[in-house]
Amino acid sequence: MTDLTLAATIVGLGLADALNPFSIAAMALVLSLKRPLLLGVIFLGATYLVYLSAGIVIVSGWGEALKRLAPLVPKLVGSILISLLGLMHIGYAIWHWIASKPADANPKVSIKQTSAWGVAAFAILSTLSDLPTALPYVSALYLIENSGFSYSLAIVWIALYCFIYVSPLVTLLLVRQSGTAMIEQLFDKINKGVVWCTHNLIPPLAACFGLFLGWFAWAS
């Protein structure tokens, strides 16, 4: 895989991960509270730091172990493991198609107020709960770890990936601060759009990445 292809793949995985409906819906919920700028920044910052920290821990810990084991593992085994990761993406897509519901079937959730600490805890717990299903992130970390990057450059790529991941949250925060009229109706539409993406957009994207990983496993 060329450097350009690798970079495009990592960025593409980040963009797919950025469509995470749960973090977007959670951010829209936080921005409906009093003090939206403060609480939005706290939620955004906590989400970014948790995601970044998780990536660094994986690359620093598990990644080093994988580097030591890599020379002992035949190429066929590596191809099989990547193929299994691709199958997980496809399985995730099928599960989403079956489990997700149309927008009208999802109740609207709202809360009136909470503390800054409560929002930070909410961001940390919601991000941690998403990590086990963050298949694009796992794929990107695998590619970064096996790219031959230096440790410092790998951290830069992880930081960039995490920024791409939170970019929709940054956009929501900017929209909220713009003072757009009828902001509540706008965020209601955003919530409905998130539900639509969950049902119609995320499954095919996950399936496409699964097929790509299957191709990559045996073409590289």
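If I model a spin label as a point 7 Å beyond the Cα along the Cα-Cβ vector, how far apart are those points for ALA159 and LEU37 in nm?
With each label placed 7 Å out from Cα toward Cβ, I get 2.6 nm.
Gain in length, LEU15 to LEU125, computed as 0.36 nm per residue apart minus the alpha-carbon separation, to one decimal in nm?
Details: separation 110, 0.36 × 110 = 39.60 nm, distance 2.21 nm.
Here the answer is 37.4 nm.
Just subtract the alpha-carbon distance of ALA116 and ALA8 from 0.36 nm times their residue separation and send over the number in nm, one decimal.
Working: separation 108, 0.36 × 108 = 38.88 nm, distance 3.67 nm.
Working it through step by step, the gained length comes to 35.2 nm.
Starting from 0.36 nm per residue, how many nanometres of slack lie between CYS208 and ILE94 once their C-alpha separation is accounted for? Can you show the working numbers first?
Numbers: separation 114, 0.36 × 114 = 41.04 nm, distance 1.18 nm.
Residue separation times 0.36 nm, minus the Cα-Cα distance, leaves 39.9 nm.
Rule-based calculations on the coordinates, nothing more; no lab input. Source: prediction; values computed, not measured. Cβ atoms come from the backbone with ideal geometry, glycine included; neighbour counts cover every protein chain shown.
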